[in-house]
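The structure under discussion appears below in the form of structure tokens.
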């Protein structure tokens with residue numbers, strides 16, 4: 001019946017349905033469908049973006065991609081927004097990411113490549129799109145290409161004059177290099193990032209991006225795994241200060257945990273126990289049971305007298321969240337129990 005109605009009548013019907021749903025605080029996904037069908041232009045665009053975000057929160061990547069694709073079509077063909085405008089670039093980035101998450105790598109590549117052509121004069125957007133392309137190349141099994149693309153993204157982020165963006169690009173460059181089996185170069189790039197992001201002030205900079213502690217913590221973790229606990233302890237101590245300065249409780253907990261591991265390796269068990277205890281208490285208060293289980297497993301490995309207690313607690317937490325690696329590690333003293 002609806003399809004047989006004249007276009008004006010259909011749009012009027014959808015406007016009425018939209019008004020009815022808005023009065024009852026319906027979710028964006030319901031509102032977006034009728035706003036788009038009612039040909040409401042900017043209002044439809046806004047609701048489609050909100051619907052996409054809601055779908056992402058629900059882990060419905062295919063649904064999110066459909067909403068963002070529809071929003072992009074409205075922006076381009078109905079509102080005539082230029083493809084180099086922030087609106088189109090943001091939608092293309094969201095669409096490309098959702099397509100990648102959903103496994104449609106070919107479509108994601110097409111969307112991102114097209115958007116990159118329109119972002120050449122916008123360093124910040126160019127960096128974000130290059131970052132997504134690097135993640136796509138990783139998913140396609142091309143780590144060398146991903147490294148080159150992320151290095152390009154870092155350069156573009158530098159020209160954007162946005163320290164927070166540059167900080168994130170360095171963090172992800174380190175992750176991509178690790179994925180490519182280049183851990184030593186990853187540490188070098190992260191150490192460079194610490195200086196570049198802070199304009200030379202380094203790890204103890206008084207003014208740094210909110211997530212600067214993440215860059216430092218990633219570098220410290222690499223240093224620890226490369227067999228340099230003393231240097232890692234120095235770096236993660238600076239990361240803890242930055243996390244405290246920004247009021248990041250999860251950042252403080254992660255730093256305390258890494259500090260404990262460094263101190264254990266440096267044969268300073270008393271201090272290590274203090275940091276383990278602080279990390280554990282914070283993770284528990286945040287409801288992060290997996291991280292709490294990791295801390296308990298770490299403590300069990302370094303405190304023989306309390307090993308059984310810590311392993312049992314770790315096993316209980318791991319079972320609560322069905323974390324298989326934790327269950328296997330914590331089950332060993334108890335056989336098959």
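What follows draws every value from the coordinates through simple rules; no lab data is involved. The structure displayed is predicted, hence computed values, not measured ones. In this analysis, Cβ positions are derived from the backbone assuming ideal geometry, glycine residues included, and neighbour counts consider all displayed protein chains.
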> Which semi-axis lengths, in whole Å and largest first, follow from the square roots of five times the eigenvalues of the Cα gyration tensor of the stretch 1-159?
Replying inline: 34, 16, 13
>> Contact order normalised by length for the chain, with contacts defined as Cα pairs under 8 Å and 6 or more residues apart; what percent is it?
In response: 6 percent
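Let me have the 222 nm mean residue ellipticity of the chain computed from DSSP H runs of 4+ only, each contributing -39500 (n - 2.57), with the sum over all residues rounded to the nearest 500. List each step's numbers first, then the result.
Details: 17 runs with 255 residues, N = 337.
Dividing the helical sum by the residues of the chain leaves -25000 deg cm²/dmol.
Please state the equivalent ellipsoid semi-axes for the chain: what are the square roots of 5 times the Cα gyration tensor eigenvalues, largest first, in whole Å? Working shown, then result.
Values: eigenvalues 394, 142, 62 Å².
That gives 44, 27, 18 Å for the three semi-axes.
For the stretch 194-295, what Kirkwood radius comes out of the mean inverse Cα-Cα distance, in Å?
Value: 13.5 Å, from the Cα pair sum.
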>> Please compute, for the alpha-carbon atoms of the stretch 173-246, the extent along each of the three principal axes and give them in descending order in Å.
In response: 33, 22, 18
> How far is it, in nm, from the label point at residue 39 to the one at residue 188 when both lie 7 Å from their Cα along the line to the Cβ?
Replying inline: 6.0 nm
> For the Cα atoms of the chain, what angle does the longest principal axis make with the long axis of helix 123-139, in degrees from 0 to 90, nearest 10?
Replying inline: 70 degrees
>> Along the Cα→Cβ direction, 7 angstrom out, place labels at residue 285 and residue 161. What is the inter-label distance in nm?
In response: 4.0 nm
